[in-house]
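Colleague: Dropping the structure in here first, questions after.
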Amino acid sequence: MTLAAPPPGVTHRRVLAIALPMTLAHLTTPLLGIVDAAVVGRLGDAALLGGVALAAVIFDMLFWMFGFLRMGTVGLAAQALGRRDGMEQRAVLARALLVAGVLGLALVALQEPIARLALALAGASAEVSRAVADYYAVRIFAAPFTLANYVVLGWLVGLGRTGRALALQVGMNLLNMALSALFVLGAGWGVAGAAAGTLIAEIAGAGTGLLLCLRMLGGTVSVPRAVLLDRGRLAETFLLNRDIMIRTAALMFAFSFFAAQGARAGDVTLAANAVLQNMVMVAAYFLDGFATAAEQICGAAVGARRRADFSAGVRLALAWGFAFALGACVIYLAAGPVLVDAMTTSPEVRAQARIFLLYAALLPVAGVSAYAFDGVYIGALWSRDMRNLMLAALGVYLLAWWGLRPLGNHGLWLAFLAFLLARGLFQALRLPALTRRTFGA
């Protein structure tokens, strides 16, 4: 069964039909941490609450490294859709699930050394470390299902079925919240209950997602062995995933470096930066939605050899991204102090956050091009260039921080702004040559 490619032409409606559901899906994710913290917080033990929070960070960092399973699958599936290649649509899903299964089982097999390394780097107290260990010992078994969910989400988005992707993501998150509350408060399982809720929700999500994919494919995802293990396709998939993983690692380093330098400036500055970063992350969820729209639209356009659709996808993703980023900037400038006060009661942190509020308001605007072009490059499978340009932008970030060190935390925020601007600028400058290479002069 071949899923139909979208008709020629890219409209505002098509962009929003992809971006808004994915934005809503992204926005439900932080609720998981809030619910886990709320239910464990009811137990009245600060060590347990700190353990859940730290364990959530460990798993976020661990699984984020494998985000290429979602991003790479979007581009490959979208291009197969554009080519109307039904067999490759199936093969993309099957290959990615195979990779997800192998990697997920490897994480389970290596759980002990991973846990030791994570706890050593965290440097938490003995009580918090015990809580982390209890949570980790349960949730690590969700690894194969979590990675399979990345694949299913990427495949659905690549084929333009974002409504189904939203329903799957929201349903899984709601189940997670309900089970965590039931196991922690109802059954009295403590930290392990919160982890068990996530484990069961991930299993249910993977099972439901696979059934949904099977239904879309007419009841079977069977692919001839020669197609599934085609060396050329496997090599393409490997190189794509490798490049995206390196790019993601560089991005994680940039955020970790920002947090580490903030910590060196003192507890108050660290807390103020964290409060402002929370505001930035909300805006980033909207920009991620438009980046996802660019992934699907540009990928399908490359597969169908529709240069006009590709250019329209780039243009509209940027336009809508700037519109939302400017809106966020205005809101943060006008209501920023109120939002800061809602997130912290510390007078010192509130005062410090107000000093740097302007940077947080400008960050979404500075990052529009970076987010949108990431989507374009992923959809077009220009992963090598995306990787190299990310590393170049990271170099700009570190050089800017070095030169601006005398300005303290102001210099750190300015360096991060330079990092986002450099990412977008480098990708914009490279875009014409890559477009000519893909579509011809």
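Colleague: Using a 1.4 Å probe on the protein chains only, how many percent of the accessible area of the chain belongs to carbon and sulfur?
Modeller: 69 percent
Colleague: When you count, for each residue, the other Cβ atoms within 10 Å and take the mean per peptide, how do 341-348, 247-254, 79-86, 93-100 rank with the highest first?
Modeller: Highest to lowest by the protection proxy: 93-100, 79-86, 247-254, 341-348.
Colleague: Subtracting the Cα-Cα distance from 0.36 nm times the residue separation, let me have the gained length for residue 249 to residue 402 in nm, one decimal.
Modeller: Contour length minus Cα-Cα distance gives 53.0 nm.
Colleague: While we're on this one: Beyond 32 Å, what share of the Cα-Cα pairs of the chain is found? Please give it as a whole percent.
Modeller: 39 percent
Colleague: Does a label point 7 Å from the Cα of residue 220, set along Cα-to-beta-carbon, have any residues of the stretch 81-116 with amide nitrogen under 18 Å, and which are they?
Modeller: Residues 86-95 fall inside that zone.
Colleague: Say each of residue 425 and residue 125 gets a label point 7 Å from the Cα, pointing the same way as Cα to Cβ; how far apart are those two points in nm?
Modeller: It is 4.7 nm.
Colleague: Show me the ranking of peptides 411-424, 370-383, 176-189, 139-152 by mean Cβ neighbours inside 10 Å, starting with the highest. Spell out each step's value before the answer.
Modeller: On the way: 411-424: 21.5, 370-383: 27.6, 176-189: 17.9, 139-152: 23.7.
Order by mean packing, descending: 370-383, 139-152, 411-424, 176-189.
Colleague: Just name one of 252, 297, 273: the one whose Cα is farthest towards the positive end of the charge dipole of the stretch 227-343 (beta-carbon charges, Lys/Arg +1, Asp/Glu -1).
Modeller: Highest projection toward the positive end goes to 297.
Colleague: While we're looking at this one, here's another question. Compute the separation of the alpha-carbon centres of the stretch 44-93 and the stretch 317-384 and state it in Å as a whole number.
Modeller: 23 Å
Colleague: Calculate the all-directions average of the projected area of the stretch 356-441's alpha-carbon convex hull, and give it in nm².
Modeller: Dividing the Cα hull surface by four gives the mean projection, 5.6 nm².
Colleague: Could you tell me how many cubic angstrom of Cα convex hull volume the stretch 321-388 has per residue? Display every interim value, and only then the final one.
Modeller: Numbers: hull volume 7.1 nm³, N = 68.
That works out to 105 Å³ per residue.
Colleague: Accessible area per residue for the chain in Å², computed with a 1.4 Å probe and the full protein assembly in place, what is it?
Modeller: Numbers: 18510 Å² over 441 residues.
Per-residue value: 42 Å².
Colleague: Related question: From the residues 425, 147, 105, which one has its Cα farthest along the dipole of the chain in the positive direction, the dipole being from +1 and -1 charges on Cβ of Lys/Arg and Asp/Glu about the Cα centre?
Modeller: Sorting the options by dipole projection puts first 425.
Colleague: If R₀ is 25 angstrom, what is the calculated FRET efficiency for the pair residue 438 and residue 227, using the beta carbon separation as r and rounding to 0.05? Don't skip to the end; give the middle numbers.
Modeller: Numbers: r = 24 Å, r/R0 = 0.96.
In this case the efficiency is close to 0.55.
Colleague: Note down the nm distance, to one decimal, between modelled labels 7 Å out along Cα→Cβ at residue 204 and at residue 307.
Modeller: 5.0 nm
Colleague: Considering only protein heavy atoms, with the full assembly of protein chains and a 1.4 angstrom probe, order 112, 127, 88 by accessible area, largest first.
Modeller: Sorted by accessible area, descending: 112, 127, 88.
Colleague: Could you rank the peptides 197-205, 220-228, 283-291 by their average count of other C-beta atoms within 10 Å per residue, with the highest value first?
Modeller: 283-291, 197-205, 220-228
Colleague: Give me the distance in nm between label points sitting 7 Å out from Cα along the Cα-to-Cβ direction at residue 174 and residue 388, one decimal.
Modeller: 4.7 nm
Colleague: Now for a separate question. Only helical DSSP H runs with n ≥ 4 go in: add -39500 (n - 2.57) per run for the chain, normalise by residue count and round the 222 nm mean residue ellipticity to 500 deg cm²/dmol. Kindly include the intermediate steps, with their values, before the conclusion.
Modeller: Working: 17 runs with 374 residues, N = 441.
One gets -29500 deg cm²/dmol as the mean residue ellipticity at 222 nm.
Colleague: Place a +1 charge on the Cβ of each Lys and Arg in the chain and a -1 charge on the Cβ of each Asp and Glu, then give the dipole magnitude about the Cα centre in debye, rounded to the nearest 20.
Modeller: Computed about the Cα centre, the dipole is about 1520 debye.
Colleague: Work out, step by step, the length gained on full extension between residue 319 and residue 211: first 0.36 nm times the residue separation, then minus their alpha carbon distance; give nm to one decimal.
Modeller: Numbers: separation 108, 0.36 × 108 = 38.88 nm, distance 3.63 nm.
Once the chain is fully extended between residue 319 and residue 211, it gains 35.3 nm.
Colleague: When the solvent-accessible surface of protein heavy atoms is calculated with a 1.4 angstrom probe, in what order do 320, 402, 155 fall, highest first?
Modeller: Largest accessible area first, the residues go 402, 320, 155.
Colleague: Now a separate question. Which one, 214, 159, 318, has the greatest fluctuation when you compute a Gaussian network model over the chain with C-alpha springs under 10 angstrom?
Modeller: Judging by the Gaussian network model, the answer is 214.
The values are calculated or read from the model by the stated rules, or taken from the named source; none is laboratory data. Computed from a prediction, not measured in an experiment: that's the story for all the values here. With ideal geometry, Cβ positions are generated from the backbone for all residues, glycine too; neighbour counts draw on all protein chains shown. Accessible surface is based on the protein model in full, side chains and every heavy atom, while ligands, DNA and RNA are left aside. Shrake-Rupley method; radii C 1.70, N 1.55, O 1.52, S 1.80 Å.
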